[in-house]
1. Give the stretch 220-250 a look and list any residue that's within 30 Å of Ala312 (Cβ to Cβ) and at pLDDT below 95, or say none.
2. Looking for something more than 22 Å from Gly317 (Cβ to Cβ), among the small types (Gly, Ala, Ser) and touching a residue at least 60 places away in the same chain (Cβ under 8 Å) - is there at least one such residue anywhere in the stretch 279-290?
3. Of Lys259, Lys215, which residue is surrounded by fewer than 24 Cβ atoms within 10 Å (Cβ to Cβ) and closer than 23 Å to His61 by Cβ?
4. Only one of these is under 19 Å from Ala447 (Cα atoms) and at pLDDT 85 or above: Ile514, Ile527, Ile533. Name it.
5. Could we say that Glu492 is part of a loop (DSSP other than H, G, I, E, B), of a type in the set (Asp, Glu) and touching a Gly at 6+ places or on another chain (Cβ under 8 Å) here?
6. Would a scan of the stretch 473-483 turn up a residue that is outside any helix (DSSP H, G or I), under 28 Å from Phe193 (Cβ atoms) and without any contact (Cβ under 8 Å) to a residue 40 or more places away in the chain?
Amino acid sequence: MSSQVKIVCKQCGNESPFSAAKPRCPICDNIWQEAVYPYAEMKQSFLEEIRDLPFDLWRYHQLLPVKTNKPKISMDEGGTPLLHASNLGVMLGNRNLFYKDERQNPTGSFKDRQAVVTITALQEAGINEMVLASTGNVAISYSAYASRAGIKCWAFLTSLVPYEKMREVAIYGTQVIKITGSYDQTKLIASKFAEQRNLFNDLGVKSIPCVESMKTLAFEICEQLTMKLSPKTIREKWITPDWYVQAVSGGLGPVGVIKGFEELKRMGIIDRIPNIAIIQAEGCSPMVPAWKSNRPTAQPVLFPTTHIETLATGDPGKTYEILFEKLSTVTHGVMESVTDEEAYQMIHFLSKMEGLSVEAAAAVSFAGVSKLMRAGIIKADEVVVINCTGHTMPVQNDILGTDWSTDINLNETTMEPFNQDGLLAALSKIKVEKYPKIIIIDDDINARTLIKRILQSMANFELFEAADGISGVQLILEQKPSLILLDLMMPELDGFGVLDELQKDDQTKDIPVIIISAKELTPNEKIRLKNHIHGLMQKGDFMTTDLQSEVSELLKLT
């Protein structure tokens, strides 16, 4: 983590170090906090360090709340192209239209930025299980990175989320909870579930890592524009667009992006902050009428009518208040809405004329630019950057089978207004079944993580792990597992020694053991293992399905 970052409470002004495990102010318990850095002091070191770094999100690690400068779970997210929308520009009469192609992130959306920074912060804080609510892309991104980090993920999705996205979430091993209700109700259910089980709950715009991750969009856009529009300019000064445009649901993206532009300005790297255009789907646009009426609070939309489910957040809450204040004081801008039909028409145009296949939420931002240009709000000579937020590829229907989600119909448990009795009734339908205990003993953390993810994709096993034979034996005596997955080559007490210790105790001698080892066994070693293990697999030479089949068969016998 940047040693220079401080977390400042927006309510009482208290300063404290960052920890993902402690999202609230330690003094006043306020959830709304902000990461700050000594910007004036950082300019030179910031510019010097990034000069020789790859062009990806981690290029800006000095201004991120994590310890590493590039975590192992990274999939080279960020560093997406800034491309010229030449044909759309010709159609609209503006040859300075660019789009940030966030489709080219690892899971196909800009939410990979949010996921990798948050999951890294959770991993550094020792958090190994989390809950989130999502309209699709967030759950996909978090599930991918959580699987790489070995973090168990519970995703609460409204039933309006396309099945292709739900299946993709489930493929990563995430437990999918499908809620028949609004997204705002889904968030409440997820929050209560996390509270009941004392699990980390992703807080979106209230989360330090989430907001900080989105800053990297602003950093990249300014660097890329400078290289495109003024390649010979001294890199100590970057160029900003006249407009940054993004479609929003809850509003996290623009909150983080504006903060990124602010930080560059405080360091003296840019001279101005661009205008911000926030675009919503007309069938769920609580921010737009409030903005146009100059109201600092938004009236929630209780029953969204848009078919663009990923933008169907009916109650933006305090996020709108933050954006209202930023667009009124820090920068300038506009909030506008477009119809579903306008978005769908833009999808056809972009695919046929720009070679862009985009999801509907991304098309909303392009349609918004079209509307703002036709209204004369965006001028013909202004430089515009559009966040092309995502492109989702469908997942084969036959990969998962049928039992990959838990369904809750809120209409069966409660009527509006959403009350606590209905909430508890809905939560009671989430069965957190007791699954067998499995212990993994291996001194290689990467091997343990891989085995955990294979097992987590099968069922909600109670998984325990040990990095050596001595602690492994102690763990076995404490937990009395149904199955042990054991490496043979470990320091001090190796796998053979662990098996010998198990045979000494009547409570442990009959626990099934599967050996997963890179060691080539000699004939004598094979004899030594005979009758003491129930399976033997060679690391690097077995398929996921092989281990799953072996585990399933053994647990049927126990």
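1. Listed by number, the residues that qualify are Ser249, Gly250.
2. In the first step, residues of the stretch 279-290 are kept if they are more than 22 Å from Gly317 (Cβ to Cβ); the result is none.
Within the stretch 279-290, not a single residue is more than 22 Å from Gly317 (Cβ to Cβ), among the small types (Gly, Ala, Ser) and touching a residue at least 60 places away in the same chain (Cβ under 8 Å).
3. Every option except Lys259 fails the conditions.
4. Matching residue, one of Ile514, Ile527, Ile533: Ile514.
5. So Glu492 fits the description; yes.
6. no
Conditions (1) surrounded by fewer than 22 Cβ atoms within 10 Å (Cβ to Cβ); (2) among the acidic types (Asp, Glu), marked per residue:
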site	(1), (2)
Glu102	no, yes
Phe110	no, no
Gln114	no, no
Trp154	no, no
Tyr172	no, no
Ile179	no, no
Lys192	yes, no
Leu199	yes, no
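Conditions (1) surrounded by fewer than 18 Cβ atoms within 10 Å (Cβ to Cβ); (2) assigned by TED's automatic domain parsing to the domain that holds Phe261; (3) modelled with pLDDT of 90 or more, marked per residue:
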position	(1), (2), (3)
Thr329	yes, yes, yes
His332	yes, yes, yes
Glu336	no, yes, yes
Met353	yes, yes, no
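The values are calculated or read from the model by the stated rules, or taken from the named source; none is laboratory data. None of the values given here were measured: they were computed from a predicted structure. Cβ sites come from the backbone with ideal geometry, for glycine too, and all protein chains shown count toward neighbours.
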